[in-house]
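To keep things clear, I will list the structure first and then write my remarks on it.
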Amino acid sequence: MFPQQLRQLSRHLVRQLGMLNNHCGTMPLTPVQVHTLIELEQGPYSVSQMAQYLNVEKSNASRNLAILLNQGLVTTIHHPTDPRGQLSQLTPTGQQLLQQLHHQLDNNNQCILDQLDEDEINHLNKSLLRYSRAITATEQQQGYTIRPITALDNAAMAAVIRNVSVEYGLTGDKGYSVNDPILDNMAHVYQPDNSNYWVIEKDQRILGGGGIAALTEQEDWCELQKMYFLPQLRGKGLARKIAVQALKFARQQGYKGCYLETTAVLKEAIYLYQSLGFIEIPHPMGNTGHASCEMKMIKTF
């Protein structure tokens, strides 16, 4: 899918769902006002909180709360910790109207879901969740740069790998390759055309990275390698972005699939690999030198 196709599909869905109308369903409420009422089910909230939850400007949130107040659907109460502040909450009329709207919209959406088989519904659910998370991740990744490694990054990336290894107890005395000399010369190691390594940089500081290279004994397969990220990078979707970039590169190079080795200690990494479609296999694919990594996983293309 190309960006233009995604935009076209999004426009079509917005129109079909009536998001351009000045009412939602049969209710005399705009979509923003309906979303405001739905958020207030968990309230009460301040104007600033409502603007944050709806991802709109504060003036927009304030204006719609005022309209709902005038309609008797919302009321205000004193803020418990701010003498000058107010919180908005649903009135009994607002709660009743919202329940009617929930019922109406649930019925409408059930009619849509009735057009889909169970496996299609499951696939749609997973895809929409992944798309929503991608939107959030994109916002959180502002200011970070992902680029191919250079010789100037070697020392910094080696330090990241060794520091993260120590953090998780993956030390040399346990058989992990933190003392491997190739860590100090990664730009050269990933120089071949069928391999690549990307680093994540912010404010001229290297904070993590990951790469792809051919398996030594099965060169029509590649291996996802050296995915290491400092704590300040985690939770922003950057590890997934590196992995996705590596898998796209691998397909372009004509690999049949991707292999990786990891350890049960790296729970976040395992969850990431599983979400990308990797499955565990019982035996290694060749001698990678990672004897201490007890988990082997593959993804076919």
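The values are calculated or read from the model by the stated rules, or taken from the named source; none is laboratory data. All of these numbers come straight from a predicted model, not from anything done at the bench. We place every Cβ from the backbone using ideal geometry, glycine too, and count neighbours over all the protein chains shown.
Residues in the stretch 26-37 that are part of a helix (DSSP H, G or I) and either without any contact (Cβ under 8 Å) to a residue 60 or more places away in the chain or in contact with a Gly (Cβ under 7 Å, 6 or more places away or on another chain) (or both): 31, 32, 33, 35, 36, 37. Scan (1) more than 27 Å from residue 142 (Cβ to Cβ); (2) surrounded by 17 or more Cβ atoms within 10 Å (Cβ to Cβ); (3) of a type outside the set (Lys, Arg) for the single condition residue 233 breaks and write down its number. Here residue 233 meets the rest and fails (1). Where helices (runs of 4 or more DSSP H) fall wholly inside the stretch 82-200, the ranges with 3 or more residues that are polar (S, T, N, Q) are 92-113, 118-140, 154-167. Somewhere in the stretch 17-25, is a residue in the same structural domain as residue 105 (by TED's automatic domain parsing) and either touching a residue at least 60 places away in the same chain (Cβ under 8 Å) or surrounded by 16 or more Cβ atoms within 10 Å (Cβ to Cβ) (or both)? Checked the stretch 17-25: at least one residue is in the same structural domain as residue 105 (by TED's automatic domain parsing) and either touching a residue at least 60 places away in the same chain (Cβ under 8 Å) or surrounded by 16 or more Cβ atoms within 10 Å (Cβ to Cβ) (or both).
When you look at residue 150, is it under 24 Å from residue 236 (Cβ atoms), over 26 Å from the mean Cα position of the chain (by Cα) and modelled with pLDDT of 95 or more, yes or no? Spell out the reasoning first.
Details: under 24 Å from residue 236 (Cβ atoms): yes; over 26 Å from the mean Cα position of the chain (by Cα): yes; modelled with pLDDT of 95 or more: yes.
Yes; evaluated as a whole, the condition is true for this residue.
Working only within the stretch 39-77, note down all residues that are on the phi > 0 side of the Ramachandran plot and either acidic (Asp, Glu) or modelled with pLDDT of 95 or more (or both).
Step one: of the stretch 39-77, the residues on the phi > 0 side of the Ramachandran plot are 55, 72.
The one that is on the phi > 0 side of the Ramachandran plot and either acidic (Asp, Glu) or modelled with pLDDT of 95 or more (or both): 72.
Of all the listed residues (143, 211), the sole one being in contact with a strand residue (DSSP E or B) (Cβ under 7 Å, 6 or more places away or on another chain), on the phi > 0 side of the Ramachandran plot and not basic (Lys, Arg) is 143.
Determine, yes or no, whether residue 122 is surrounded by 11 or more Cβ atoms within 10 Å (Cβ to Cβ) and outside the structural domain of residue 24 (by TED's automatic domain parsing).
So residue 122 fits the description; yes.
What are the residues in the stretch 38-81 that are in a strand (DSSP E or B) and under 28 Å from the mean Cα position of the chain (by Cα), if any? Break it down stepwise before answering.
Step one: filter the stretch 38-81 for residues in a strand (DSSP E or B), giving 45, 74-78.
Selection gives 45 alone.
For the stretch 169-183, does any single residue satisfy the condition of being acidic (Asp, Glu) and modelled with pLDDT of 90 or more? Don't jump to the end; show me each part of the working.
Step one: list which residues in the stretch 169-183 are acidic (Asp, Glu), which gives 173, 180.
Subsequent filtering for residues that are modelled with pLDDT of 90 or more retains none.
Checking the stretch 169-183: not a single residue is acidic (Asp, Glu) and modelled with pLDDT of 90 or more.
Consider the stretch 214-226 and keep the residues that are within 13 Å of residue 261 (Cα to Cα) and over 21 Å from the mean Cα position of the chain (by Cα). The one that is surrounded by the most Cβ atoms within 10 Å (Cβ to Cβ) is 222. Flag: residue 191 does not match the condition of being closer than 28 Å to residue 255 by Cβ, at pLDDT below 90 and surrounded by fewer than 19 Cβ atoms within 10 Å (Cβ to Cβ).
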